[in-house]
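Single-structure report; data block below.
What follows draws every value from the coordinates through simple rules; no lab data is involved. Please read all numbers here as calculations on a predicted model, not as lab measurements. Please note: Cβ atoms are built from the backbone with ideal geometry, for glycine as well, and neighbour counts cover all protein chains shown.
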Amino acid sequence: MTIDEKFRGEILIVTGPPGVGKTTLADALARSCTVPAAHLGGDGFWDVIKSGWIAPMQPESRRQNAVAIEAIAAAAATYARGGYFVVVDGIVAPWFLDAFRAGSREVPLHYVVLMADVDSAITRASRRPTHLPEHVEIIRQLHGAFSRLEELSHHAIDTGSLSASEAVDAVRAALEAGRLRLGKTMSAA
């Protein structure tokens, strides 16, 4: 199964705590499309801040995080309006979804939260060259936050025991079934 014509001009946000396979899945999903597709890595929108950067989990980073999310949403909307199926990967918690809904032009929006048990996520994340010991507590905090999805719980997919290709297939199937679509369409800026 591939992402086909009916998803052209739509956005899929792939999120979850670190170590659940967001970037691997988003890249594989975008590359497997039969329509033009773009993969926007959310981390890059924080990496461009060269002066005044604040670690995103710090309370004083609230404004910085809002600006970065707004920039991601605007870029995603631009690609979607250009006819691309857009896959955004990064830490896009439910409270950031309003940025993707802001603006005037409607773009269908899908949201998937990849989850794995916290120990598996920590193990996967610790294999990264940029892993620092303090990341363990951040992963635990984010895992806890994403575990409380409430009305968005049907958007979660447990990738803990899945291979990368199985995770891609699970997301494709959920997307195709309409399970990941957000109730309202995104209004693009």
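Extension gain for Ile54-Ala74 works out to 5.0 nm (0.36 nm per residue, less the C-alpha to C-alpha distance). Residues whose amide H lies under 5 Å from that of Ile13, counting only those 5 or more places away or on a different chain, are Val88, His110, Tyr111, Val112; hydrogens are built 1.01 Å from N in the peptide plane. Computed per residue of the chain from DSSP H runs no shorter than four, each worth -39500 (n - 2.57), the mean residue ellipticity at 222 nm is -11500 deg cm²/dmol. Does segment 1-66 classify as rounded, prolate or oblate by the C-alpha gyration tensor (a ≥ b ≥ c root eigenvalues; a/c under 1.5 gives rounded; else a/b over b/c gives prolate, otherwise oblate)? Judged from the Cα gyration tensor, segment 1-66 comes out prolate (a/c at least 1.5, a/b above b/c). The reciprocal of the average 1/r between distinct C-alpha atoms defines the Kirkwood hydrodynamic radius, which for segment 63-129 equals 13.8 Å. Modelled this way, with points 7 Å down the Cα-to-C-beta line, the labels at Ser126 and Ala145 are 2.3 nm from one another.
The Cα-based radius of gyration and maximum Cα-Cα distance (Dmax) for segment 5-188 are 15.6, 44 Å.
Ordered by the count of other Cβ atoms within 10 Å of each Cβ, fewest first, Leu142, Leu152, Leu114 give Leu152, Leu142, Leu114.
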